[in-house]
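Colleague: I have a structure here, written as C-alpha cells, and I will follow up with some questions on it.
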Amino acid sequence: MYILGLTTLGDAAATLISDGDVVAAVEEERFSRVKHHSGFPYRAVDYCLAEAGIGIDQIEHVSLYWKPWILGHKARQAVRSLAISPAMFAARVDRGVNQISQSYLGMLRYPRLIRERFGPSDFKFHYLEHHPCHAASAFLVSPFERSAILTMDGTGEATTTMMAVGAGTEVRPVKRIKLPHSLGQFYSAITNFLGFDMFAGDEWKVMGLAAYGKPEYSDFLSRRVLSIDGPDSFRVNVRVLDHHLAKRYRFSEEAERELGPARRPGEELTERHYNIAASAQLVLEDVVLHLLRGLHQRTGEENLCLAGGVAFNSVMNGRIIDESPFRRVFIQPVAGDAGCSLGAAYLTWHGLLGKPRRYRMRHAYFGPSFDSDACRRALQSAGLSFETLPDDEMLPRVARLIADGAIVGWFQGRAEFGPRALGNRSFLADPRRSDMRELLNQKVKLREWFRPLAPSMLEEASEEVFGRAHKDPFMITVLDVDPSQRGRLPAVVHVDGSARPQTVERDTNPRYWSLIRAFEAITGVPMVLNTSFNVQEPIVCTPEDAVRTFSNASFEALVLEDHLVLRA
Ligand SMILES: [Fe+2]
C-alpha cells in the first residue's frame, strides 16, 4: 500500500511510503532551486512516483501536514497586530486575507488539483494537524517502542509546542502551547534583531554567533521576553520582542534600551551582537530543559523524541543529551516542516490504519540518484575533461587530494532528505587546516566567516575523538571534543572546543566510509570536513547542478559517481 505525505507551504516536500517503508522523500527546493520553496511540491511528487515506478492511481492515501480550517494561526497574528498599531493591523489583514486565499484555504482544493495534475485516482485525502505530524516524524520512525515526545517550531495552525506520549503505533498529545508563546518565533525575533533574515532560515547564524559571545543579556531575556511559566510551560512577551515587529526593523523601546539598537542588515557585527546571540541561545536551552524536566515528570518515560524546527538547534540538542532526565534521545533529522511530509505518511499508516511498526530511520538518503552514464553526459555537455576510475583508485586519489588541501565537490548515490549533506552531496576538505573554515565559508560558499563547519567521521573513532561512544548519523548534536584532539582539528572544532559530527557507519554509506578510511590511512585523522554542496542555493540535486556549481565557484575537484574532474 502506497501513502503519499505532503508539506506544501514553506519547505514544501513529498514523502512516499510503501507498506511502512520509505520509498522516496525530497524537498521541492532541490528541483525548483529556490531555497525553502513554498507551494505545492509538484516535482517532488513526480520524483516520488517515478522512484516507485507507479502512477497516482496506485496511491491509496494522500496526507497533508496541515488542517487549513484551524485558522488560529492567521487570526491570532491579526489580533497581535491590533495590539501593535491600527495601520499595521490593516496591512496585516490585507496580506492575511490574500495569503489565506492563496494558500491555507487553497489547501481545500488539493484533492482536485492532484487529480488534475497527476491523473485520476481513488485516493483518500487526509488533513492532519501539524504538530502531531512533527511528533510522528520522530517517534514512529524511532528505535523506541515507547517515548515522550516534544515538538517545537515557529507555529503550526495555532500550536507552537506540543508534548506527547508515543506508545506502539499511537501518538497521544498531552499538552499544547499556543501562539504567541513560541520558541521558534522567539529565536526568529532575535535573528531579525541581529539583522538577519528569518525568512531565509538565518536562525543558523544566531547559533553560530552564539559561540563567540557571553550571555550577558540572558537575565533580561529570561525575565522579560521568554520566561518559564509553571512546571512545564513558558511564555513569550511579544510586547517586548516580537518577530512580526522585527520584519520592519522596529523594536520596542524596552528591547532597544536593554539590548542596544537592533543591527541593520549588513552592519558590522560586534561583541554586543555575539553576546545577544549567546544570551538568546542560553535562554532557549534553559527553557527547553525546563520543559523536558516537566515532560519527564508528567510521563515517567525514559526515551525522548524531538522534532520541529527548533530541534535543528544542535547546540541545544547537545545539552539535552547531557542534562535532560531522559536516557535515550532520537531527533528527526528532517526536524523542520519538510519532515512533516514523512510524519503525515506514518501518522496515516500507523495512526489511522493501525498497521504495526517495524521501520526505523537509519539514514536520510531518500532523494534522486543518477548513474555513471547520466553523470558522464552532464560532464561531456559542459565540455569538462574527466577520468573515470574504479573505487580502489578513486578513493585513495580523492583522499590524497583532500589531504593536500583541495576542496572536493563529492556527489554520489541518493540525495539527502533534509538540510544536512551527509556525504552524498557534500563539499569535503581537510579538517586539519586552520584556514579551511574561512576558505570554505568566504571563498567557496560566499557566506559569513562564523558559520561552523562539521566533520564526518568513522563511527568507530568516536571514543578517540570525544572520549566517549557517540552515534549520530544525522549530524544533529554538538558535543565536546576531547581536549587532546582539539589542536589537530582546527577547521571543525568550534571556539568553545565542541564539534557537530556525523558518525558514518560502514553499513549505511560504505563508499563514504571507505573514503574517510582512505583519508585516515594517509593522515591518521579518522574524519573529513563535510559541508553541504551548494553555493547560495539549495543543495545540488542533479549532476547538472553539480557541474554548474563547479563552473561558477572556486574549488579544486569534482567527483560525480566514478568520474573525477580536476580544475585545470
Ligand atoms: Fe512546523
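Colleague: Please go through region 425-444 and give me each residue that is in a loop (DSSP other than H, G, I, E, B) and either among the hydroxyl-bearing types (S, T, Y) or open to solvent by less than 10 Å² (accessible area, probe 1.4 Å) (or both), ordered by number.
Modeller: Selection gives D430, P431, S434.
Colleague: Inspect region 190-208 for any residue being under 22 Å from H131 (Cα atoms), in contact with a strand residue (DSSP E or B) (Cβ under 9 Å, 6 or more places away or on another chain) and not in a strand (DSSP E or B) and give the result as yes or no.
Modeller: Scanning region 190-208, I find no residue that is under 22 Å from H131 (Cα atoms), in contact with a strand residue (DSSP E or B) (Cβ under 9 Å, 6 or more places away or on another chain) and not in a strand (DSSP E or B), so the answer is no.
Colleague: Related question: Starting from region 447-464, keep only residues that are under 16 Å from F519 (Cβ atoms), then list their pairs with residues that are open to solvent by less than 10 Å² (accessible area, probe 1.4 Å) and in a helix (DSSP H, G or I) whose Cβ atoms are within a distance under 6 Å, requiring at least 6 positions of separation or different chains.
Modeller: L458/I516
Colleague: Please state which of the following conditions L291 fails to meet, knowing it meets all the rest: (1) within 16 Å of the ligand (Cβ to nearest atom); (2) open to solvent by less than 10 Å² (accessible area, probe 1.4 Å); (3) in a helix (DSSP H, G or I); (4) in contact with a Phe, Trp or Tyr (Cβ under 9 Å, 6 or more places away or on another chain).
Modeller: (1)
Colleague: Does L269 satisfy being within 19 Å of F196 (Cβ to Cβ) and in contact with a Ser or Thr (Cβ under 8 Å, 6 or more places away or on another chain)?
Modeller: No.
Colleague: Kindly indicate the residue of region 128-142 that is part of a helix (DSSP H, G or I) and within 14 Å of W349 (Cβ to Cβ) and also nearest to the ligand (Cβ to nearest atom) among those meeting that condition.
Modeller: It comes out as C133.
Colleague: Something else about it: Taking only pairs six or more apart or across chains, which ones have beta-carbon atoms under 6 Å, a first residue in region 312-339 that is within 16 Å of the ligand (Cβ to nearest atom), and a second residue that is among the acidic types (D, E)?
Modeller: Close Cβ pairs (under 6 Å, with a partner that is among the acidic types (D, E)) amount to G336/D11; D337/D11; A338/D11; A338/E27.
Colleague: To continue, here is another question. Against the definition (open to solvent by 40 Å² or more (accessible area, probe 1.4 Å) and within 16 Å of the ligand (Cβ to nearest atom)), how does P231 come out, yes or no?
Modeller: no
Colleague: Please give the number of the condition F125 fails out of (1) open to solvent by 10 Å² or more (accessible area, probe 1.4 Å); (2) within 10 Å of the ligand (Cβ to nearest atom).
Modeller: Failed condition: (2).
Colleague: Find the residue count for region 143-180, including only residues that are at pLDDT 95 or above and part of a loop (DSSP other than H, G, I, E, B).
Modeller: 6
Colleague: Take region 143-162 and flag every residue that is away from the ligand (no atom under 11 Å from the Cβ), buried (at least 24 other Cβ atoms within 10 Å of the Cβ) and more than 17 Å from the chain's Cα centre (by Cα).
Modeller: Those that are away from the ligand (no atom under 11 Å from the Cβ), buried (at least 24 other Cβ atoms within 10 Å of the Cβ) and more than 17 Å from the chain's Cα centre (by Cα): S147, A148, I149.
Colleague: Pull out all pairs, ordered by first then second residue, where Cβ-Cβ is under 9 Å, the residues are six or more apart or on different chains, the first lies in region 200-216 and is without any contact (Cβ under 8 Å) to a residue 40 or more places away in the chain, and the second is open to solvent by less than 20 Å² (accessible area, probe 1.4 Å) and outside any loop (DSSP other than H, G, I, E, B).
Modeller: D202/S188; D202/T191; D202/N192
The values are calculated or read from the model by the stated rules, or taken from the named source; none is laboratory data. Treat the numbers as computed from the prediction; the structure is a model and nothing was measured. Note that each Cβ is placed from the backbone with ideal geometry, even for glycine, and that neighbours are counted across all protein chains shown. When the accessible area is computed, the model is the full protein with side chains, heavy atoms only, and any ligands, DNA or RNA have been set aside. Shrake-Rupley method; radii C 1.70, N 1.55, O 1.52, S 1.80 Å.
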